[in-house]
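Participant: Below: one structure in structure tokens.
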Amino acid sequence: QFFVFCHGVLQFSQLLASGFLKSSVSTIEIRYGLSSQTSGLLASFNEVGNTLLIVFVSYLGSRVHRPRFIGIGALLVSLASFLMSLPHFMTGPYEYDQSSCPLVTAGTLSNSTDLCQPEARGASANLSDASCTPHASRENHEVLLVMFVAQVLLGIGGVPIQPFGISYIDDFASERNSPLYLGILFSVTIIGPGVAFMLGSAILRVYVDIDKVSAAEVHLTNNDPRWVGAWWLGFLVAASLVALSALPYFFFPREMPKEVGEVLHTHTHPSVQPKCFPVVLLRNLRHPVYLLVVLAQVNISAMVAGLATFMGKFLERQFSLTASLANMIIGAVNVPGAMVGMVVGGAILRRFQMSLKHCGALCVLGMLLCLLTAFPLLFLGCPTQKVAAGINSFLVLSSGFGPHDMECNAECHCPATGFNPVCGSDGVEYTSPCSAGCRDVNVHTDSSVLNYTRCSCIAGAGFARPGTCGTGCSHLFVPFVVLSCLAGILASTSHTPSFMLILRSIQPEDKSFAVGIQFMLLRVLAWMPGPVLYGSAIDTTCILWERRCERRAACRYYDNTLFRHR
């Protein structure tokens, strides 16, 4: 029982480590200027190290000291988590367009570089180029390298944890208790990501450079599109937890006396004749039920892998949420929903003692109902907010004009890379006060910006407030969350019956091997390509890219309708 407890704690901490990346994807994209394709690739690299070793390790099975191997794997996971947070300490403080933070000195405004300044011709042009040193681009490559290495290590460290833990428990628990113990571990694997999203939500409310700058120097609120939360803190928390939970494993014995239960058997491993690997592989893959069910699971898993990585980002963009709130919703609503579905599916199986045909029917029913509830999600969302500079009124961007080429602000000489969105009194969003042609700024007593005035591009009163206009359809948010949660519950009811289809349609001696192949195929065909495909699809809907040192960085604005449909 102590082993089961330790293993629960370890699996939970390990899932925190891999879950934190998913909860901070949009934040890391902004901080290091990554496209969604790159962040999707980063998320799937976790599976690379895992896939390379999983078959080999499953083959070693009971020939090694399993608890010790689990402990070593856990220490690797801990090291990988620590490496994930390293880029924060390798790079300087996060730099954003500071121009929205005017320093009030003796009643005059200094540092208001973001306003329209017809006389300052050359000054603003150099703003963006100043940060483009060879050092800056080298730093960016180093950051990516460290993160990719960390993800591979995270995958390698995770290899022995689940297979060895489960087989160790199954070997030494009584027949009666074994399903209960495995059920406990299984529920932990689902709760883990939920907690990771909730913790991520809390951590992203803290400013990224909490350790480098004082609170007084931070002029952003977490509603600002330039806000970056302390994404690295989560990885440090996870690294410490995993390291602590690894320690007991070095003290467990190689073999335990079998737990005494109601059913007593002498515990011996039947001597199975070693079979030829390719023969078994072909025999299973030629089995139509096995092959079709595994392919169905591959399709669902690819979808889940993409959604888990980018659902937060999707909610942020569609409904103008903060990263923190989006994570809160996923952790508190969507993840528990999936858990409920799995439990319900298992309960139905147990209650009605279903045959294989019925299992198949239950899977089909669950997926059909899921499709019906998910279909309205195509239409529940918002169009892109109106953005000036022809971002969506003329789509001038695609023909090579930047957002600073409008006639009303032609004399302002706005920096091309400036990004400090303001919302005009006409309900149109501008990428900076300069691009709206604003010449003056009004400031609160605490030196935060109240509004910008005398804006030549805005008709009528001609003022603008700091921050984006938002997509203006928060009323669709609750129906979206309810339907997506319901679709998740219905889809996950097919989880247990689909496993039963696999386990019962295969020759008993092939069972563990068949499950190994199944997970291998899920990794290679679903978990690895899933996030990359989703990220690439999201990138195709971008209408304005941030430029950093002549390279394309993160996306500033998406075509929200296309984003939703794709």
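Participant: Between a first residue in the stretch 408-426 that is more than 15 Å from G472 (Cα to Cα) and open to solvent by less than 10 Å² (accessible area, probe 1.4 Å) and a second residue that is modelled with pLDDT under 80 and not in a helix (DSSP H, G or I), which pairs have beta carbons less than 6 Å apart while being 6 or more apart in sequence or on different chains?
Facilitator: Within 6 Å, the pairs are N420/D97; N420/D114.
Participant: For the subset of the stretch 356-387 comprising residues that are more than 27 Å from the chain's Cα centre (by Cα) and either modelled with pLDDT under 85 or not assigned by the TED database to the domain that holds I502 (or both), which member is most open to solvent (accessible area, probe 1.4 Å)?
Facilitator: K386
Participant: Report, by residue number, each residue of the stretch 185-204 that is under 29 Å from Q1 (Cα atoms) and open to solvent by 10 Å² or more (accessible area, probe 1.4 Å).
Facilitator: The first filter runs over the stretch 185-204 and keeps only residues under 29 Å from Q1 (Cα atoms), leaving 185-199.
Correct list: F186, S187, V188, T189, I190, I191, P193, V195, F197, M198, L199.
Participant: Identify all residues within the stretch 406-431 that are part of a loop (DSSP other than H, G, I, E, B) and in contact with a Phe, Trp or Tyr (Cβ under 9 Å, 6 or more places away or on another chain); write none if there are none. Give the derivation first.
Facilitator: First, the residues of the stretch 406-431 that are part of a loop (DSSP other than H, G, I, E, B): 406, 413-421, 425-428, 431.
F419, N420, P421, S425, T431 - these are the residues of the stretch 406-431 that are part of a loop (DSSP other than H, G, I, E, B) and in contact with a Phe, Trp or Tyr (Cβ under 9 Å, 6 or more places away or on another chain).
Participant: Another one. What pairs come out if I take residues in the stretch 180-194 that are without any contact (Cβ under 8 Å) to a residue 40 or more places away in the chain and pair them with residues that are among the β-branched types (V, I, T) whose C-beta lies under 7 Å away, six or more apart or interchain?
Facilitator: L182/I166; L182/I169
Participant: Taking the stated definitions as given, is G390 open to solvent by less than 50 Å² (accessible area, probe 1.4 Å) and modelled with pLDDT of 85 or more?
Facilitator: Numbers: open to solvent by less than 50 Å² (accessible area, probe 1.4 Å): yes; modelled with pLDDT of 85 or more: no.
Criteria not met by G390.
Participant: Just give me the residues in the stretch 547-566 being within 26 Å of C382 (Cβ to Cβ) and open to solvent by 20 Å² or more (accessible area, probe 1.4 Å), in sequence order. Quick ask: steps written out before the conclusion?
Facilitator: Step one: list which residues in the stretch 547-566 are within 26 Å of C382 (Cβ to Cβ), which gives 552-566.
Hits for the stretch 547-566 are R552, R556, D559, T561, L562, R564, H565, R566.
Participant: Looking at (1) open to solvent by 20 Å² or more (accessible area, probe 1.4 Å); (2) closer than 19 Å to L145 by Cα; (3) of a type outside the set (D, E, K, R); (4) modelled with pLDDT under 90, which is the only condition T91 fails?
Facilitator: For T91, the failing item is (1).
Participant: Considering only the stretch 1-19, state which residues are assigned to a helix (DSSP H, G or I) and either farther than 9 Å from V188 by Cβ or outside the structural domain of P163 (by the TED database) (or both). Steps first, please.
Facilitator: Going through the stretch 1-19, the residues assigned to a helix (DSSP H, G or I) turn out to be 2-19.
Once the filter is applied, which keeps residues that are assigned to a helix (DSSP H, G or I) and either farther than 9 Å from V188 by Cβ or outside the structural domain of P163 (by the TED database) (or both), the stretch 1-19 yields F2, F3, V4, F5, C6, L10, S13, Q14, L16, A17, S18, G19.
Participant: Moving to a separate point now. Return yes when L377 is in a helix (DSSP H, G or I) and within 30 Å of C469 (Cβ to Cβ) and no when it is not.
Facilitator: Working: in a helix (DSSP H, G or I): yes; within 30 Å of C469 (Cβ to Cβ): yes.
Yes: the conditions hold for L377.
Participant: A further question follows. Can you work out which of the residues in the stretch 318-328 that are open to solvent by 30 Å² or more (accessible area, probe 1.4 Å) and at pLDDT 90 or above is nearest to T221 (Cα to Cα)?
Facilitator: So the residue we want is L325.
Participant: Please enumerate the residues belonging to the stretch 501-516 that are assigned to a helix (DSSP H, G or I) and either under 25 Å from L307 (Cβ atoms) or open to solvent by 70 Å² or more (accessible area, probe 1.4 Å) (or both).
Facilitator: L501, I502, R504, P508, E509, K511, S512, V515
Participant: For residues in the stretch 133-179 being of a type in the set (F, W, Y) and open to solvent by 10 Å² or more (accessible area, probe 1.4 Å), which is modelled with the lowest pLDDT?
Facilitator: F172
Participant: Out of (1) outside any helix (DSSP H, G or I); (2) surrounded by fewer than 18 Cβ atoms within 10 Å (Cβ to Cβ), what's the single condition that is false for I543?
Facilitator: Unmet for I543, out of (1) outside any helix (DSSP H, G or I); (2) surrounded by fewer than 18 Cβ atoms within 10 Å (Cβ to Cβ): (2).
Participant: Another question, then. Does L483 qualify as being within 21 Å of the chain's Cα centre (by Cα) and open to solvent by 20 Å² or more (accessible area, probe 1.4 Å)?
Facilitator: Numbers: within 21 Å of the chain's Cα centre (by Cα): yes; open to solvent by 20 Å² or more (accessible area, probe 1.4 Å): yes.
Criteria met by L483.
Participant: Can I ask one more? Which one of G61, G33 is at positive phi, outside the structural domain of C549 (by the TED database), touching a Ser or Thr at 6+ places or on another chain (Cβ under 8 Å) and modelled with pLDDT under 90?
Facilitator: Values: G33 fails: touching a Ser or Thr at 6+ places or on another chain (Cβ under 8 Å).
Unique residue meeting the criteria: G61.
Participant: Taking G472, is it crowded, with 18+ Cβ neighbours inside 10 Å and at pLDDT below 85? Full working, then the answer.
Facilitator: On the way: crowded, with 18+ Cβ neighbours inside 10 Å: no; at pLDDT below 85: yes.
The answer is no for G472.
Participant: Only one of these conditions is not met by I489: (1) in contact (Cβ under 8 Å) with a residue 24 or more places away in the chain; (2) in the same structural domain as C555 (by the TED database); (3) more than 22 Å from R317 (Cα to Cα); (4) surrounded by fewer than 21 Cβ atoms within 10 Å (Cβ to Cβ). Which number is it?
Facilitator: Of everything listed in (1) in contact (Cβ under 8 Å) with a residue 24 or more places away in the chain; (2) in the same structural domain as C555 (by the TED database); (3) more than 22 Å from R317 (Cα to Cα); (4) surrounded by fewer than 21 Cβ atoms within 10 Å (Cβ to Cβ), I489 misses just condition (4).
The values are calculated or read from the model by the stated rules, or taken from the named source; none is laboratory data. Note that the structure is a prediction, hence the values are computed from the model and not measured. No Cβ is skipped: glycine too gets one built from the backbone with ideal geometry, and neighbour counts run over all protein chains shown. For the accessible areas, the whole protein counts, side chains as well, though only heavy atoms, and no ligand, DNA or RNA atoms are used. Shrake-Rupley method; radii C 1.70, N 1.55, O 1.52, S 1.80 Å.
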